Amino acid sequence: MASISASGPARGRPAGPSLRSALRRVAEAAVTPLELGDVFDVFHPLRGGRDGLQGRIVSVTAETAESATILIRPGRDWAGHVPGQYVRIGVDVDGVRLWRTYSLTHGPRRDRNLSITVKAIPDGVVSNHLVHRARAGQMVQLEQAEGEFVLPTPIPRKLLLVTAGSGITPVIGMLRNLFSRRVPVDTDIALVHVNQNESSAMFRDELRAHGTAGHLRLVERYDDRHGILDVDHLDELVPDLRERLTYACGPAGLLDALEKHHADRGLSLTTERFRPTLATLAGDGQSGGTVTFADGREVDADGATPILDVAEGAGVLMPSGCRMGICMGCVVPMTSGAVRDLRNGAITTAVPGETGPDGIPIQTCISAAAGACEIRETR
Ligand SMILES: Cc1cc2nc3c(=O)[nH]c(=O)nc-3n(C[C@H](O)[C@H](O)[C@H](O)COP(=O)(O)OP(=O)(O)OC[C@H]3O[C@@H](n4cnc5c(N)ncnc54)[C@H](O)[C@@H]3O)c2cc1C
Ligand code: FES
């Protein structure tokens with residue numbers, strides 16, 4: 001009896017390291033050829049310490065006819081976020097894992113869940129899947145939160161928030177976080193929110209409730225009623241805009257105009273873009289070339305389409321993320337050929353024999369073929 005108690009744990013006491021490792025060896029033998037972690041992943045996919053962070057969809061709630069808020073329970077390794085940041089999400093659509101980026105629409109919540117609000121865009125593969133087909137219980141891949149579109153600390157006395165369409169998403173995260181604090185917010189906030197029409201405006205009632213409660217001054221602008229917002233007349237909507245720190249998120253046209261407006265007046269502006277500004281995307285006669293992918297597939301590409309889009313259009317699975325040149329999630333090695341950076345026209349070349357054997361890393365979401373080129377790795 002004494003020898004049994006010497007080699008095993010006393011009742012109620014935790015197993016010692018030697019017993020734990022013996023048990024682990026038995027368990028590993030039992031699940032071979034699988035890894036023990038693979039088995040844990042099946043029964044407890046949100047556990048910490050696994051390879052790759054996952055999340056489970058808790059609920060999908062319609063916001064408008066074409067948008068929905070998706071509440072996600074992240075795995076234990078989720079490191080938290082600051083309102084205004086975004087998360088990269090990997091979603092399996094028809095058996096293919098696609099990565100997209102979505103702003104977090106809450107501050108850190110007591111229940112630890114994350115929320116994103118997605119607007120389904122015409123022909124959008126992932127956005128339509130998330131809005132119309134995602135269901136509670138489904139798993140998604142996650143990466144840790146990133147992004148610089150966050151309010152400074154301390155929060156300035158006067159803020160101007162300019163948002164359009166789904167560009168309200170990072171801003172609603174900031175506002176929810178501010179207004180959920182026990183201490184009243186000592187910031188004078190003006191929010192100019194633009195949308196095509198009233199019926200498709202996300203968070204409309206919530207924003208109006210904040211306006212009515214005196215939390216912020218809300219200016220609603222609907223294209224079908226007021227016409228397209230001309231930022232040169234912004235000071236008619238917000239007369240003291242020169243005293244305010246401006247944060248803006250929306251389509252490129254609005255942000256470009258706002259950047260010029262603020263630069264001309266020496267005003268501070270922080271923006272978040274959902275799509276990159278691609279200088280040559282409109283097509284300027286730049287010639288493309290044939291792109292050869294790792295699986296040997298050859299696809300003709302024009303000189304204005306990102307190689308990521310070219311690949312996905314041909315059914316080649318590629319790593320991706322923000323699709324706008326910021327996250328590096330799409331970087332693959334090019335072993336030969338030339339690509340053009342669609343943001344600034346810069347050419348990158350890889351010459352076999354001269355370039356190292358591992359090739360030159362390129363960001364496929366903002367690079368177009370500038371002649372024939374060979375991409376080595378795909379996912
Ligand atoms: C930092 C960041 C935060 C973002 N936050 C949000 C968010 O909170 N909510 C949200 O709904 N989206 C957000 N997006 C956009 C999102 O990542 C996807 O681009 C969007 O959902 C479209 O993906 P898709 O697979 O449906 O479209 P795809 O299948 O990739 O594209 C379909 C077509 O639409 C075009 N397209 C792609 N993206 C856009 C776009 N954003 N606007 C207009 N046309 C587009 C493509 O060129 C293509 O022609 C964010 C993007 C970034 C970079
Ligand atoms: S997908 Fe983010 S940099 Fe290309």
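The values are calculated or read from the model by the stated rules, or taken from the named source; none is laboratory data. As the structure is a prediction and not an experimental result, all values here were calculated from the model. Cβ: placed from backbone, ideal geometry, glycine included. Neighbour counts: every protein chain shown. Ligands, DNA and RNA are stripped out before the accessible areas are found, and what is left, the full protein with its side chains, is counted by its heavy atoms. Shrake-Rupley method; radii C 1.70, N 1.55, O 1.52, S 1.80 Å.
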Sequence-distant or interchain residues sharing an amide H contact under 5 Å with L53, placed H: which? L142
Tell me, what is the 1.4 Å probe accessible area of M324, in Å² to the nearest 10? 30 Å²
Please work out the average accessible area per residue across the chain, using the 1.4 Å probe convention, and give it in Å². 51 Å²
How much accessible area does D94 have with a 1.4 Å probe, in Å² rounded to the nearest 10? 150 Å²
Diffusion constant of the chain at 10 °C, which comes from Stokes-Einstein with the Kirkwood Cα-pair radius and 1.306 mPa s, µm²/s: 67 µm²/s
Over the range 289-375, how many percent of alpha carbon pairs lie in each 10 Å bin up to the one with the longest distance? 20, 58, 22, 0
Take the Cβ-Cβ distance between D295 and R133 as r, set R0 to 30 Å, and report the resulting FRET efficiency rounded to the nearest 0.05. 0.60
Stretched fully, the stretch from D186 through I121 gains (0.36 nm per residue minus C-alpha distance, one decimal, in nm) 19.7 nm
Check which residues have an amide H placed less than 5 Å from Q85's amide H, if you skip close sequence neighbours. L104
Phi to ³J(HN,Hα) by Karplus 6.51 cos²θ - 1.76 cosθ + 1.60 over the range 56-63, Hz, x for Gly, Pro: 10, 5, 8, 7, 10, 10, 5, 9
Of all the accessible heavy-atom surface of the range 289-375, with the other protein chains kept in place and a 1.4 Å probe, what percent is carbon and sulfur? 50 percent
FRET efficiency estimate (nearest 0.05) - Cβ-Cβ, D358 to S287, R0 30 angstrom: 0.65
I need the calculated FRET efficiency for the pair E243 and E206, taking r as the beta carbon distance and R₀ as 35 Å, to the nearest 0.05. 0.85
When the accessible area of the range 81-123 is computed with all protein chains present and a 1.4 Å probe, what percentage of it is carbon and sulfur? 51 percent
Which value results when the Cα radius of gyration for the range 147-243 is divided by 2.2 N^0.38 Å? 1.07
